[in-house]
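Quick one: the structure is below, questions incoming.
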Amino acid sequence: MEKILCVYCGDLFEPSPRHKNQTACKRPACQRAKKADWQRHKMKSDPAYRASQQISQKQWAAANPDYWKKYRKENPEKAVRNRVLQTVRNRKARAKRSDTKIKLPLIAKMDASKSDNFHALGQFWMIPVIAKMDALKVNIVRIPIRYP
Ligand SMILES: [Zn+2]
């Protein structure tokens, strides 16, 4: 059988003859990504599924009340990341709700820039204030001073 490309990892794989329209190879990471895609689509398109998931999540949260508190304590960098991204989501929602929709022009095109082996001072999230763009993760580094 002819090999096809996995849409998640990009590697070639031999599809199963029993599964038509196969898009993912059998690697666990690709299968997880495929399931997450399916679930995301199902949450958007199926109100009954979405309602049952919400009920199920509420029951789980009631049974595990300290889970997120413990998770944030054990993963402080993820807690910060989520706080920043939630700020962005809140702004987008606020902008969508507001009657006076001000379209801000894109004033800068930003590409990822590569650095040499500089000493990393930390990792930060930049939240856009004047340009319309998503939050940007940046690494702040110390550039060594070179004396001639
Ligand atoms: Zn794959």
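Can you name the residue in segment 8-17 that is within 26 Å of the chain's Cα centre (by Cα) and more than 6 Å from the ligand (Cβ to nearest atom) and is also farthest from Trp38 (Cα to Cα) among such residues?
Leu12
Another question, then. Could you grab me the full set of residues in segment 1-55 that are open to solvent by less than 60 Å² (accessible area, probe 1.4 Å) and assigned to a loop (DSSP other than H, G, I, E, B)?
Hits for segment 1-55 are Cys6, Cys9, Gly10, Pro15, Ser16, Gln22, Thr23, Ala24, Cys25, Asp46.
Now for a different question. Considering only residues that are among the polar types (S, T, N, Q) and within 16 Å of the ligand (Cβ to nearest atom), look in segment 18-67 and name the one that is modelled with the highest pLDDT.
Of everything passing the filter in segment 18-67, Gln31 is modelled with the highest pLDDT.
Look at Lys70 and say whether it is closer than 27 Å to Trp125 by Cα, at pLDDT below 95 and either within 12 Å of the ligand (Cβ to nearest atom) or in a helix (DSSP H, G or I) (or both).
No, not satisfied.
Any chance segment 116-126 includes a residue that's open to solvent by 100 Å² or more (accessible area, probe 1.4 Å), within 21 Å of the chain's Cα centre (by Cα) and at pLDDT 90 or above?
Checking segment 116-126: not a single residue is open to solvent by 100 Å² or more (accessible area, probe 1.4 Å), within 21 Å of the chain's Cα centre (by Cα) and at pLDDT 90 or above.
Determine whether Glu2 is of a type in the set (D, E, K, R), in contact (Cβ under 8 Å) with a residue 40 or more places away in the chain and away from the ligand (no atom under 16 Å from the Cβ).
no
Follow-up question, since we're still on this one. Consider Lys35 against the criteria (1) charged (D, E, K, R); (2) closer than 30 Å to Gln123 by Cα; (3) without any contact (Cβ under 8 Å) to a residue 12 or more places away in the chain: it satisfies all of them except one. Which criterion is unmet?
The failed condition is (2).
Oh, and also: So is Glu77 more than 16 Å from the ligand (Cβ to nearest atom), loosely packed, with under 10 Cβ neighbours inside 10 Å and more than 30 Å from Trp125 (Cα to Cα) or not?
Details: more than 16 Å from the ligand (Cβ to nearest atom): yes; loosely packed, with under 10 Cβ neighbours inside 10 Å: yes; more than 30 Å from Trp125 (Cα to Cα): no.
The answer is no for Glu77.
The values are calculated or read from the model by the stated rules, or taken from the named source; none is laboratory data. On a predicted model such as this, the values are computed, not experimentally measured, just so you know. Cβ coordinates were reconstructed from backbone atoms using ideal geometry, including for glycine residues, and neighbour counts include every protein chain displayed. For accessibility, only protein heavy atoms count, side chains too; no ligands or nucleic acids. Shrake-Rupley method; radii C 1.70, N 1.55, O 1.52, S 1.80 Å.
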